[in-house]
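Below is one structure, written out as structure tokens; the observations come after it.
The values are calculated or read from the model by the stated rules, or taken from the named source; none is laboratory data. All of these numbers come straight from a predicted model, not from anything done at the bench. Note that we place each Cβ from the backbone using ideal geometry, even for glycine, and neighbour counts take in every protein chain shown. Remember, those area values only see protein heavy atoms, side chains included, never the ligands or the DNA or RNA. Shrake-Rupley method; radii C 1.70, N 1.55, O 1.52, S 1.80 Å.
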Amino acid sequence: MANYFQEEIETASLEKIKSVQNEKFLRQVKHVWDNVPYYRKKMEEKGITLDDIKTLDDISKLPFLSKADLKEAYPYGLLGVPLKDCVRIHSTSGTTGKRVVAFYTQEDIDMWNECCARAIVAAGGTNEDVVQVSYGYGLFTGGAGLDGGSHKVGCLTIPMSSGNTERQIMFIMDLNATILCCTPSYAAYIGETLKESGYKPEDIPLKAGIFGAEAWSEEMRRDIEKTLGIKAYDIYGLTEISGPGVSFECSEQRGMHVNEDHFYVEIIGPDTGEVLPEGSWGELVFTSLDKKAFPLLRYRTRDICTLTREKCSCGRTHIRMSKPKGRSDDMLIIRGVNVFPSQIETVLLNNGYAANYQIIVDRVNNTDTFEIKVEMTPEMFTDNFAEIDERRKTLSDGLKAMLGIKAKVSLVAPKTITRSEGKAVRVIDKRKI
């Protein structure tokens, strides 16, 4: 039987959802026009006034916002309320230039917490669960979002933050944690460490995991589920729109339900900006319908995915987005070919390797070099060079079949690629382009 945190809106008819969206959208556009001069100027440059926006169907007339706009408007240029009405900021984990700083009123935080509560309940969470939040706390949105959602549901919350894997495991085992929230790469590492410590899946009290903040494949999901003995759920979000909980998976695990009463979603052609029909692969664009402090309209996420309104057996009626297959800005173009790290991960896991790898791209004599370092499992590791070379050749062929170009594959010893307790660093691009 399906459980919902807010059943009435989570199972609302399409007509009801559209009505809620339309009302909130018109109110939000006026709020932005009146309070965010940076965006009003973008509208005026496009020849658009408030009178041109009469229904949600007019959203395509509005200009897009991108990360470049957020950097240009840093820090207060996109603020939609007086600073005294803001109670918190969060910031992206960007490593270059100015970070994106997002602002929240108390109402914004309450809404965000409710979205995360919906995700926890969709993963089977109730007020009898013990939720271990192992996303980073602080400026990163992961810890705060799932912490707030867990409190809303009434779970016992363990605010672990990331890192100190030994202590993570001690609390999971001693406090009988039932739901783990962290990045998928960290969940895989916790699972690997538990296994090495002699724990079998049936010894581990966890029943579910809510994993997000980085791309991960279906193969990696199955690997984590097997090691931890859980059902692993995907969650999606981004600091610019609020944080995790913008969308989440239900028990069907066939895409993530977007919380459409709070966020309007479009798919556009990354190059053309044209809105694409349902079912098309393209770039995800979000509009915050009721976030007041940082009210972004038509924000380009760079995530590549698809949307569907196919009926879901869980009873939720909100549109579903697929797991992003990559980001248009994380997509590598190597020798003219588009390469997504998730494609590489799929081949590795299908060939029995863990998702511990590194992609190194460089340019020598005007030609791209492409190396993939892959960590062997302890079972594979051997001093038989012929056996290792055979493995390397098999993997190399599998990767070429998936990617369409040849990579230099290096098989390295277990535990030699640095582990991540937050977002994994998979790509090292040394090219000066």
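Here is the figure for region 289-313: residues that are closer than 22 Å to Cys250 by Cα, hydroxyl-bearing (Ser, Thr, Tyr) and not in a loop (DSSP other than H, G, I, E, B) total 1.
The residue of region 369-389 that is nearest to Glu219 (Cα to Cα), among those that are at pLDDT 90 or above and in contact with a helix residue (DSSP H, G or I) (Cβ under 7 Å, 6 or more places away or on another chain), is Val374.
Considered as a group, the residues in region 231-254 that are open to solvent by 10 Å² or more (accessible area, probe 1.4 Å), in a loop (DSSP other than H, G, I, E, B) and among the hydroxyl-bearing types (Ser, Thr, Tyr) include one that is farthest from Met321 (Cα to Cα), and that residue is Thr239. Within region 372-385, can one find any residue that is part of a loop (DSSP other than H, G, I, E, B) and among the aromatic types (Phe, Trp, Tyr)? For region 372-385, residues part of a loop (DSSP other than H, G, I, E, B) and among the aromatic types (Phe, Trp, Tyr): present.
The rows are residues; the columns are (1) of a type outside the set (D, E, K, R); (2) loosely packed, with under 15 Cβ neighbours inside 10 Å; (3) in contact (Cβ under 8 Å) with a residue 40 or more places away in the chain.
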site	(1), (2), (3)
Ala73	yes, no, no
Tyr76	yes, yes, no
Pro82	yes, yes, no
Trp112	yes, no, yes
Gln132	yes, no, yes
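Reported count of residues in region 352-381, each being farther than 25 Å from Ile224 by Cα and either in contact (Cβ under 8 Å) with a residue 24 or more places away in the chain or β-branched (Val, Ile, Thr) (or both), is 10.
Across region 152-170, which residue is nearest to Leu238 (Cα to Cα) among those that are in contact with a helix residue (DSSP H, G or I) (Cβ under 7 Å, 6 or more places away or on another chain) and open to solvent by 40 Å² or more (accessible area, probe 1.4 Å)? So, considering only residues that are in contact with a helix residue (DSSP H, G or I) (Cβ under 7 Å, 6 or more places away or on another chain) and open to solvent by 40 Å² or more (accessible area, probe 1.4 Å), the one nearest to Leu238 (Cα to Cα) is Ser162. Take Thr96 and decide whether it is buried (at least 17 other Cβ atoms within 10 Å of the Cβ) and at pLDDT below 95. So Thr96 does not fit the description; no.
Take Ser150 and tell me if it is farther than 22 Å from Pro201 by Cα and among the small types (Gly, Ala, Ser). Spelling it out, Ser150 is indeed farther than 22 Å from Pro201 by Cα and among the small types (Gly, Ala, Ser). Scanning region 312-344 for residues that are charged (D, E, K, R) and modelled with pLDDT under 85, we see that the one that is most open to solvent (accessible area, probe 1.4 Å) is Arg335. The numbered conditions (1) at pLDDT below 85; (2) touching a strand residue (DSSP E or B) at 6+ places or on another chain (Cβ under 8 Å) are all true for Asn366 except (2).
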